[in-house]
Amino acid sequence: MPIYEALSDKLTVVLDVGSAYTKFGFSGEYAPRCIIRSEVRCKKTNTIRRIIDYENQKDLYDLLVDFVHVLYFKYALFSPKDKPIVVVESLLCPTLFRETLAKVLFEHYEISMLLMLPSHLVGLSTLGAETALVLDVGYFEAVAIPVCHGLPVIHAWQALPLGSQIIHNNLRALLNSDNTGINNLPESVIEDIKVRCCFVTKQKRAAQLSVAKPEITFAPEVKYPIGGSEIITVSGKVREKVYEILYDEDNDHLCLSTMLLDAITKVDIHLRNKLAENILLIGGTVMVPGFKARLKEELHKQLKHDRYKKLKISSFKFHTPPCKENYTAWLGGAIYGATELLSMKALTREKYFKENRLPDWPNMRDNFRTNN
Amino acid sequence: MAHVVGPEVVKYACTCGLLKSISSLYFCRYCCQLRCGFCVCHEVDSHFCGKCCENLPSSEARLKKNRCGNCYICPSCQQELSTRIGSKGPSNPEDPKSTPKKMYYLSCLYCRWSSRDVGIPDQSAATGGWPDRENVNANRLQEIIEMYKAMVLAEKQQKEKDKKKQRGKYLSYTDRTGVTAAALRKRIGLPVDIQHSLLKAKPKEPEPAIAKEDVEDLPEELLTKPVNLTEVTTIEQRLLQIDLQPTTVEKLFPVHKQLSIKRSLRCRSCEHNVSKPEYNPNSVKFKIQLFAYYHVPEIRIVTVEPLRAGRPSELIIKFTNPTQHQTTITILSLVLSGDENEVKEETGDQPSLPQEKQPPSLSSQPSSLLSLSSRQPSITIKPRPVSQEVNADVAIPSSKVILPPRDDAAEYDDSGDTHNIQDDPKLVVWRKSNKAFVKLLVTPKQGLALNTEIVAGFTMQHIYTNTIATTVENREPDKHDHNIRVFLTLGNLVGFD
Ligand SMILES: [Zn+2]
Ligand SMILES: [Zn+2]
Ligand SMILES: [Zn+2]
Ligand SMILES: [Zn+2]
């Protein structure tokens, strides 16, 4: 097959554009070449603009042109023209975004072929496994999708707006009560405070956070310097409390732990135990200390409720992928990108311009998407 | 050059529809069109290290993962690390007179980080030998990649077999990738707990990962030990070492410096280069530099009267002819829709795949195209409409302005004008060598608010003399009209009529 021969010596770029961070590298490699913020410097105003803040399709097109340029000419260091690319995308990726990205890659950068892979599915390949409950905690939302025998069970899909964005907002609000001037801090500083000071506390301690007279001593406070002159106080209570928002049940009694159990509930009864014993956590937010331990505690707590008793689950088991969680999905793309899948499934430039649409995935997505 | 021609008050509309200052535009001599960084094709020309200036062939750069083998950056602040000498006792301990052995370590002169901080032993050679760490999961990941390669290959072969046997129905069933809707619907809810047949068939399979019930607990010290922020890494520091992402500073290791590139730019219509740098990383010169600055008359604003809505203000602009040929400038009214120079009729919004387009003859572009034999012709993108709005009318003069060729010697000649040009005195107020000062009347539109920024525009038509002989017989310089839409930001409205 000529197409295969042409591919074999070519570098295949694997790209995972996240809302907050973009993972970029080459197929067959064990880690991305770079993980950078999904943002570009706007030439007109000379300010940093996030990709997700796009105003319309034209604006997004221009932002992505600049962003992809940086990826190729600062990190990949080769010309994108006539080369294939693998894009790992979230199931919740808006149609406008994926179509504009494809347009930028095909029209502006003249790539030869594009393979779009769903992140939940390919993330699983890092385990060499076929069945797991995949929870991706990203910037905007947490998404849980069971994957059975290599296929995502779309109708069991669950999502809640529980990502780093809500955690950053929560941290800003909590810091506000002890400090002044917090509202003006850029999100990157809030993120840095989160990453360097905060953690997910234990269930027992969390119960004490809302009590008037707690029986525990909170973790030591941190004096966090801002710009060399100011210091803000990150109290022990804030450090422990900021992630609690993931487990505060909303009006419908939904939170991170119920999401997983609801996803399991919607799957065929034979597969439920298998999913509970194969949980894969991906996304940068799950890397915070204490995340896994607490999630396990919370899952067991929810299991005692009537609505989940019928599940008859006895244990939850978690996978440890051979990589850091913030690039697990990318790594899955790099694994698939190293296979023949590209020559089998990729959308070629000729086909893209002939049909002027992306194949299949959105149609399938329309079948289950109700909101957004 | 931006500071010489800045501030950007005069902008030219590129063929693609974006507005740029003349210093960031290119002029393709083969298409006789303006090009800019947005509408040309960027290509990586050569790789080099910005610190040691070593040039690397692209294959070697790829092998080294685009990093210099000898230079390192600081894992703490990303500045370049310096190699420092730290002597370490006499080379022969029994003989105290023997010369001390030189040992080297890496040090950051900016944040004082040093390779000794993290316990990396000093090296006896100045040039590297610094230990590189392997990905701890490398073996497992290689196994998994091989497994998926084999699996997908088996599936592909199965498909081809099935295709031959005309058993199309089963195609989607073996589709492990989950990318087709049909396969998915069939699969959902199936209670089968069978191993994938392809997985079973394959020999020497790595075991699938086993999930564990025991998870790492929250480190107890986080609850009791005070945090020393200087010991906790930032996100940037973590993401510099992606496979490890160390949370504490004692796990930071020196990072190989990322290579830089030189880019060449290619016109997407004719595949000729508009810019190509010299290979040597120390050279800032170009082999090909078709900057618009050398081919298109430059316009500068000299003076403008205070702008009042509805009242004509006198605007004086300077035209400079950068070429070796005389040119004539005609000021035409602005047409905002479409491109003035567009010759071929492109319909529809979609770019056309130029199947019929032939690569340029190799005689006109010798070396660079030969190596790119596999290169596909570029896609033509329909230009977008200019987004800039104009809120002032320019009175279009009836006469033309002749600009003599550039003559560097004339710059030092004060003896007066040797060009005998009959100027329209209402239009040309002053001229010297290849420059002319031209008076125009601009009238800001009625009904604008005070302090509105006034932008006026016109189309500048100039005669471009093409010196590249297109055919062997035709040695006559090829002259033709070239239209450029020009936008002038004149300042703010100060009053009303
Ligand atoms: Zn352009
Ligand atoms: Zn170097
Ligand atoms: Zn440093
Ligand atoms: Zn051209």
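For the range A:55-64, 3J(HN,Hα) computed residue by residue from phi via the Karplus equation (6.51, -1.76, 1.60; θ = phi - 60°) reads 8, 7, 5, 5, 4, 4, 4, 5, 4, 5 Hz, glycine and proline entered as x.
Normalising by the residue count of chain A, find the relative contact order in percent from Cα pairs under 8 Å and 6+ residues apart. The partial results should precede the final answer.
Working: 617 pairs, mean separation 79.5, N = 372.
Rounded, it is 21 percent for chain A.
Could you list the chymotrypsin sites (Phe, Trp or Tyr not before Pro) in the range B:100-139 that lie in coil according to DSSP, counting only those with at most 14 other Cβ atoms within 10 Å of their Cβ?
Of the chymotrypsin sites (Phe, Trp or Tyr not before Pro), the ones in loops of the range B:100-139 whose Cβ has at most 14 other Cβ atoms within 10 Å are B:110.
Of the residues making up the range A:127-160, those losing 40 Å² or more of accessible area when the isolated chain is joined by the remaining protein chains, with a 1.4 Å probe, are A:127, A:128, A:130, A:149, A:151. Residues whose amide H comes within less than 5 Å of that of residue B:256, counting only those at least five positions distant or on another chain, are B:73 (H built at 1.01 Å from N in the peptide plane).
For the range A:22-53, a reduction of at least 50 Å² in accessible area between the chain on its own and the assembled protein chains (probe 1.4 Å) is found at A:30, A:33, A:35. Taking GluC sites (Glu not before Pro) across the range A:206-294, the ones in a DSSP loop with at most 15 further Cβ atoms lying within 10 angstrom of their Cβ are A:215, A:249.
Listed cross-link partners B:65/B:262; A:44/B:11; A:44/B:435; B:51/B:262; A:194/A:296; B:65/B:251 are compared with a 19 Å cut-off, the Cα-Cα value being larger for A:44/B:435; A:194/A:296; B:65/B:251. In the range A:164-246, the portion of solvent-accessible area held by carbon and sulfur atoms comes to 50 percent [1.4 Å probe, whole percent, DNA, RNA and ligands not counted]. Our analysis of the range A:95-151 gives Rg over Rh at 1.09, with the two radii drawn from alpha carbon positions and Rh computed by the Kirkwood formula.
Please calculate how many Å² of accessible area the range A:11-101 carries per residue, with a 1.4 Å probe and no DNA, RNA or ligand atoms counted. Write down the numbers at each step before the final one.
Working: 3180 Å² over 91 residues.
Here the per-residue accessible area is 35 Å².
Over the range A:164-246, with the other protein chains present, what is the accessible area per residue in square angstrom, probe 1.4 angstrom?
47
Do any trypsin sites (Lys or Arg not before Pro) in the range B:420-454 lie in a DSSP loop with no more than 16 other beta carbon atoms within 10 Å, and if so, which? Intermediate values should be presented prior to the final figure.
On the way: sites: B:426, B:431, B:432, B:435, B:439, B:445; in loops: B:426, B:445.
Taking the range B:420-454 and a limit of 16 other Cβ atoms within 10 Å, the loop trypsin sites (Lys or Arg not before Pro) found are B:426, B:445.
Interface size, chains A and B: roughly 8400 Å² of accessible area buried, both sides included, 1.4 Å probe, rounded to the nearest 100. Coupling constants for the range A:132-147 follow from the phi torsions by the Karplus curve (6.51 cos²θ - 1.76 cosθ + 1.60, θ = phi - 60°), and in residue order they are 6, 9, 9, 10, 10, 9, x, 7, 7, 8, 9, 10, 10, 9, x, 10 Hz; glycine and proline get x.
Per residue, the Cα convex hull of the range B:1-89 amounts to 204 Å³.
Hull volume per residue, based on the alpha-carbon atoms of chain A and their convex hull, is 157 Å³.
Of the Cα atoms belonging to the range A:164-246, the radius of gyration and Dmax stand at 12.5, 37 Å.
Cβ-Cβ distance of residue B:398 and residue B:465, R₀ of 22 Å, FRET efficiency by 1/(1 + (r/R0)^6): the value works out to about 0.35.
The sum of -39500 (n - 2.57) across all DSSP H runs of n ≥ 4, divided by the residue count of chain A, sets its helix-only mean residue ellipticity at 222 nm to -10000 deg cm²/dmol. Looking at chain A alone, DSSP beta bridges between its own residues are antiparallel in about 70 percent of cases. At 1.4 Å probe radius, can you tell me the per residue accessible area of the range B:1-65 in Å²? That works out to 42 Å² per residue. Sort out for me the Cα centre separation of the range A:161-230 from the range A:13-69, rounded to whole Å. Here the answer is 28 Å between Cα centres.
The values are calculated or read from the model by the stated rules, or taken from the named source; none is laboratory data. Treat the numbers as computed from the prediction; the structure is a model and nothing was measured. Note that we place each Cβ from the backbone using ideal geometry, even for glycine, and neighbour counts take in every protein chain shown. Note: accessible area is taken over every heavy atom of the protein model, side chains too, but ligands, DNA and RNA are not part of it. Shrake-Rupley method; radii C 1.70, N 1.55, O 1.52, S 1.80 Å.
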